[in-house]
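Asker: Please read through the structure below; I'll follow up with questions.
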Amino acid sequence: MTADTATRVQLVRDATFVRLTTDGAITGSRGTAPDGLFLQDARHLSRWQLTVDGTAPVALVPATAETDDTAACVLTPEGTRDDPPSYTVFRRQSVTEGMLTEHLRLVGNRPEAVTAHVVLTVDTDFADLFELRADDRRYDKPGAEREVRTTADGLCFSYRRADWHAETQLDCRPAPQNVTPAGPGTTATARTLSWRVALDAQGTADLHLTVRARPHGRSPHTGSVQETPRRQAFVRTEGTDDLTLACERGLADIDLLTIPVTGVDGDEVRVPAAGIPWFLTLFGRDSLLTSYFLLPYRPGTAAAVLSALAATQGRRHDAFSGEQPGRIVHETRRGELAHFRQVPYGRYYGAVDATPLFLVLLHAHHETTGDPALAARLETHARRAVDWMLTDGGLEEHGYLVYTPDPGGLVNQNWKDSAGAICFRDGTQAEGPIAVSEAQGYAYDALLRTAELAQDVWGDEAYARRLRERADRLRDHFAADFWMPEADFPALALDGAGRRVDALASDAGHLLWSGILDPERARRVGRRLLEPDFFSGWAVRTLAAGQRPYHPLSYHRGSAWPHDNAVIALGLARHGLADELRTLAEALVAAAARHGHRLPEVLAGYDRSATAGPVPYPHSCSPQAWAAATPAALRTALGQV
């Protein structure tokens, strides 16, 4: 459970999440803090508002989490000191796979019988997540129809558009006594359900409400909450150090974010989705780095991610989605707008780095487990990934992995994928084809690691030799083209004209991890990242402070990302920078402790001296997979020095 800046309470379980107000309501909000019941990129409940005796109840105890998937609050009708409320409502809400359940217990407070008038207003807009984001885009939906029908126990909402069909069903025990249109200020499908509940003197009565979401292509869920297995909840252990607690919380969050997808052999595999609320789906780069961080602890996660990404590897050229043969997918979506290709994200390939990271993880899995089976099974996919790097990826034509900004998708296609993130010191966005620095490091590492697989697993010495030669050329050219002597620091990128994009950025820390820098330069970079303009005291900023484009509340131009710092930490460990590593790790662990041991997606870039705790980034996802895996990476890094 998290409470965001708009006082939303978030519950998540089994690829389903709900966001509620602190009195347990859903209002249909949009923008940075949408509320509702969500499954497969769609909102299946957009209004869920309770009134008692004609008014919204007062929250005596605002909604708080009992577990990650359950919240409770205490409500009453309005009363006064001289005329206290006749009864109290104890509200408990839980989410599980495709379901929201609610238990309302009414407790009489008087020595005589009373009657409570309970009314619930319900609606669903079936909005796609892309419609709910803060950019206010509007999408045409020709022929779309929403309907609602009354059932014996409640309601069934239905949405149809061509071959797309989704439903949301509400079942009530006891059944409502009246169901009517909600009236002015609501949509045509909104309904009010009402009960007159008799309470004996100081007696109790119960209402049980179950909402079942059925997205397009999914069979109705007929099970109950009790039938859904529960993973072990996170429990704080007295006397345990903050790093251990952060690791435990992170692993619990990975469980919360785990979703089923199809693997390379057509089987179901379970992989970490990127984050909530916007990214509860498979993301190439996010899932790859998350599972890399977890390798020493959960190697099966890496195997599942590699299988899922091999299953979605590009096979053709499609300019709309960015698909190219051998390219690893950036993200997948199952929503309505992706289905009708109104957004390119059904399978979107706009990432320059997912493909080399796929190769890095494949070798790392073999190296960690000692088991060659997966590397042997995915040999063809690995060779296709190498072919993509050499051809469409740009290594042969440009000498580097490059991307061209996608006007219909992502302007930037590295991990800093917001518009304007790859910029010069004056703030000007680089123009393509853009070669970002960290992707060259990933490519170098991928070529060397794949050469080892070719030699040790596939038995192809000639191929291994060619890959090593290509890696050596890349490293030599990188040293000549990217290093900025005046700054004693690598450029963030090369633009389409070959100019060094000279903003000082945290991407340089990834070069320590990949090994593309010579050891002496790597150590100088590592020390530079811990100087005050980069290091906030909580983490390394994405851009060093003092530059024109720096902004501590910018998504990628001054904020600080835990996963970015995890990669930097692994790089510091690789080069024996023990003091710098301990400083960074202690800061991140302290930041986690101030967030209930859960690291958010991103922190504001303000200096530690400014406030008692890290300043939140206002639109941060939480939980978020690679942030959740960051403490595990820190533990690994600390064990390497």
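Asker: Dividing the alpha-carbon radius of gyration of the range 392-446 by 2.2 N^0.38 Å (N being the number of residues), what value is obtained?
Answerer: 1.12
Asker: Using modelled backbone amide H atoms (1.01 Å from N, in-plane), which distant-in-sequence or interchain residues come within less than 5 Å of T16's amide H?
Answerer: Under 5 Å from the amide H of T16: G98.
Asker: Moving on. With axes computed from alpha carbons, what is the tilt in degrees of helix 519-528 against the longest principal axis of the chain, rounded to the nearest 10 within 0 to 90?
Answerer: 40 degrees
Asker: Same structure, new question: Per residue of the range 588-596, what does 6.51 cos²θ - 1.76 cosθ + 1.60 with θ = phi - 60° give for ³J(HN,Hα)? Whole Hz please, x for Gly and Pro, Karplus curve as stated.
Answerer: 5, 5, 5, 4, 4, 4, 7, 10, x
Asker: Calculate, in nm to one decimal, what V58 and A497 gain on full extension: separation in residues at 0.36 nm each, minus their alpha carbon distance.
Answerer: 151.8 nm
Asker: Here's something else I'd like to know. So what's the range 575-641 giving for Rg/Rh, alpha carbon basis, Kirkwood Rh from the mean inverse pair distance?
Answerer: 0.98
Asker: Given the C-alpha centroids of the range 484-517 and the range 29-105, what is the distance between them in whole angstrom?
Answerer: For the range 484-517 versus the range 29-105, the Cα centre distance is 50 Å.
Asker: Using mean Cβ contacts within 10 Å as the protection proxy, how do 603-611, 446-454, 14-22 order, highest first?
Answerer: 446-454, 14-22, 603-611
Asker: A further question follows. Enumerate the residues in the range 481-495 having an amide nitrogen under 18 Å from the point lying 7 Å beyond the Cα of H398 toward its Cβ.
Answerer: Answer for this model: 481-483, 491-495.
Asker: May I ask you to evaluate 6.51 cos²θ - 1.76 cosθ + 1.60, the Karplus curve with θ = phi - 60°, for each residue of the range 613-618 and list the ³J(HN,Hα) values in order in whole Hz, giving x for glycine and proline?
Answerer: x, x, 6, x, 6, x
Asker: Expressed as an acute angle from 0 to 90° and rounded to the nearest 10, what is the orientation of the C-alpha long axis of helix 461-482 relative to the principal long axis of the chain?
Answerer: Rounded to the nearest ten degrees, it is 90.
Asker: Given a 1.4 angstrom probe, I'd like the percentage of the accessible area of the chain that is carbon and sulfur, rounded to a whole number.
Answerer: Here carbon and sulfur together make up 48 percent of the probe-accessible area.
Asker: Could you please report the charge total around V386, scoring K, R as +1 and D, E as -1 over all other residues with beta-carbon less than 10 angstrom from its beta-carbon?
Answerer: +3
Asker: Continuing with this model, one more query. What does the charge add up to near A162, with Lys and Arg as +1, Asp and Glu as -1, over the other residues with Cβ less than 11 Å from its Cβ?
Answerer: Spelling it out: positives minus negatives among the neighbours equals 0.
Asker: Show the residues, 5+ positions off or on another chain, whose built amide H is closer than 5 Å to the amide H of L39.
Answerer: Those lying under 5 Å, H to H, from L39 are H44.
Asker: Right, something else. So what are the ³J(HN,Hα) numbers for the range 99-105, from phi and the Karplus equation (6.51, -1.76, 1.60; θ = phi - 60°), rounded to whole Hz, Gly and Pro as x?
Answerer: My calculation for the range 99-105 gives 9, 10, 10, 9, 10, 9, 10 Hz in order.
Asker: Here's something else I'd like to know. Two-decimal Rg/Rh of the range 232-385 from alpha-carbon positions, Kirkwood Rh?
Answerer: Ratio of gyration radius to Kirkwood radius for the range 232-385: 1.01.
Asker: Work out Dmax and Rg for the chain from the C-alpha atoms and quote the Rg first, both in angstrom.
Answerer: Reported Rg and Dmax, both Å: 26.3, 90.
Asker: R0 = 45 Å: FRET efficiency of Q177 with L553, Cβ-based, nearest 0.05?
Answerer: So, using R0 = 45 Å, E works out to roughly 0.35.
Asker: Subtracting the Cα-Cα distance from 0.36 nm times the residue separation, let me have the gained length for E520 to T67 in nm, one decimal.
Answerer: 158.2 nm
Asker: Which shape class, rounded, prolate or oblate, goes with the range 362-427 when its Cα gyration tensor gives a ≥ b ≥ c as root eigenvalues, a/c under 1.5 marks rounded, and past that a/b bigger than b/c marks prolate?
Answerer: Cα axes put the range 362-427 in the prolate bin.
Asker: Next question. Kindly rank 330-340, 544-554 from highest to lowest mean number of other beta carbons found within 10 Å of each residue.
Answerer: Ranked from most to least packed, the peptides come out as 330-340, 544-554.
Asker: Using a Förster distance of 35 angstrom, determine the FRET efficiency expected from the C-beta separation of R138 and T51, and round it to 0.05.
Answerer: After rounding to 0.05, the efficiency reads 0.65.
Asker: So what's the range 313-366 giving for Cα Rg divided by 2.2 N^0.38 Å, two decimals?
Answerer: 1.23
Asker: Rounded, prolate or oblate: which fits the range 335-454, taking a ≥ b ≥ c as square roots of the Cα gyration tensor eigenvalues, rounded meaning a/c under 1.5, else prolate when a/b beats b/c?
Answerer: Taking the square roots of the gyration eigenvalues as a ≥ b ≥ c, the range 335-454 is oblate.
Asker: Let me check against my output: what whole-number percent is the relative contact order of the chain, with C-alpha pairs under 8 Å and at least 6 apart?
Answerer: 10 percent
Asker: With Cβ to Cβ distances under 14 Å as the rule, what net charge do the other residues near L362 carry (K, R +1; D, E -1)?
Answerer: -2
Asker: For the range 384-481, what is the convex hull volume of its Cα atoms per residue in Å³?
Answerer: Convex hull volume per residue, Cα atoms: 103 Å³.
Asker: As I understand it, the dipole of the range 450-565 uses +1 on the Cβ of Lys and Arg and -1 on the Cβ of Asp and Glu, about the Cα centre. Which of S536, G509, A497 lies farthest toward its positive end?
Answerer: S536
Asker: Under 5 Å between amide hydrogens, which residues at least 5 positions from D460 or on another chain qualify, with H placed 1.01 Å from N in the peptide plane?
Answerer: Q455
Asker: Can you give the accessible area per residue of the chain, in Å², using a 1.4 Å probe?
Answerer: With all protein chains present, the chain gives 38 Å² per residue.
Asker: Would you kindly state how much longer the chain becomes between R110 and R196 on full extension, computed as 0.36 nm times their sequence separation minus their alpha carbon distance, in nm to one decimal?
Answerer: That pair, R110 and R196, stretches by 29.3 nm at full extension.
The values are calculated or read from the model by the stated rules, or taken from the named source; none is laboratory data. Given the structure is predicted, the values throughout are model-derived calculations rather than measurements. So basically every Cβ, Gly included, is an ideal-geometry build from the backbone, and we count neighbours across all protein chains shown. Accessible surface is based on the protein model in full, side chains and every heavy atom, while ligands, DNA and RNA are left aside. Shrake-Rupley method; radii C 1.70, N 1.55, O 1.52, S 1.80 Å.
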